[in-house]
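Bear in mind that the values in this text are calculations on the coordinates, not laboratory data. Bear in mind that the values here come from a model prediction, so they are computed numbers and not experimental data. Cβ atoms come from the backbone with ideal geometry, glycine included; neighbour counts cover every protein chain shown.
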Amino acid sequence: MGKHSRVVVFLAVFSLILSFTSTDAAAAAMYTVTDLGTLGGAHSYASGINDSGQVVGYAGDASGQYRAFLWDQATGMTDLGTLVGAEDSDACGINNVGQVVGFAFLNASEQEHAFLWDSATGMVDLGTLGGSDSGAYGINDSGQVVGYACNAANQNRAFLWDSSGGMTDLGTLGGDFSDARGINDSGQVVGSA
């Protein structure tokens, strides 16, 4: 193959790569960005979405507080409130039933507590493992909740919560820390330790 034919082959291959790149770029641009708004404040942050397109997170309100929210296409952003005695809240996960989990910051103590919210009961404090803080990050379609909670020694422990058994310490991998971040519908939990 001569020098001239190698240049032609190179140009043909280069043109082919460019055509694939431009096709991929056009395909990648086929999405929609939706401004979810706020609750009257300056910021909002989305952290979870379910198969129906319901979104959860936190948003600032007009008084400067941050509130957990639930957003859907039909009703827009709804303030989920906060726990009794708390100012701020943050929703972290939502299942396909529409149950929401997260945490709220308690006013006087500056502690945070995990919550479970649904449209029937509102926001319910899931407690701790005997320590000061907890936070919920994931929920499956059975209503099993995972997150972290402090034990009596104030060490973070991954927990699994369900309506029949309450909060259960999932232990560690030998250290003094663990944290659960997600759970699937089979009850398998992921996190760190």
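General observations
- Our analysis of the stretch 28-173 gives Rg over Rh at 0.99, with the two radii drawn from alpha carbon positions and Rh computed by the Kirkwood formula.
- Stretch gain in nm, segment Val33-Ser142, where the contour uses 0.36 nm per residue and the Cα spacing is subtracted: 36.2 nm
- As a rough guide to protection, the peptides 57-68, 72-83, 32-43, 155-166 ranked by mean Cβ packing within 10 Å, highest first, stand as 57-68, 155-166, 72-83, 32-43.
- Cα gyration tensor, the stretch 143-193 - rounded (a/c under 1.5), prolate or oblate: oblate
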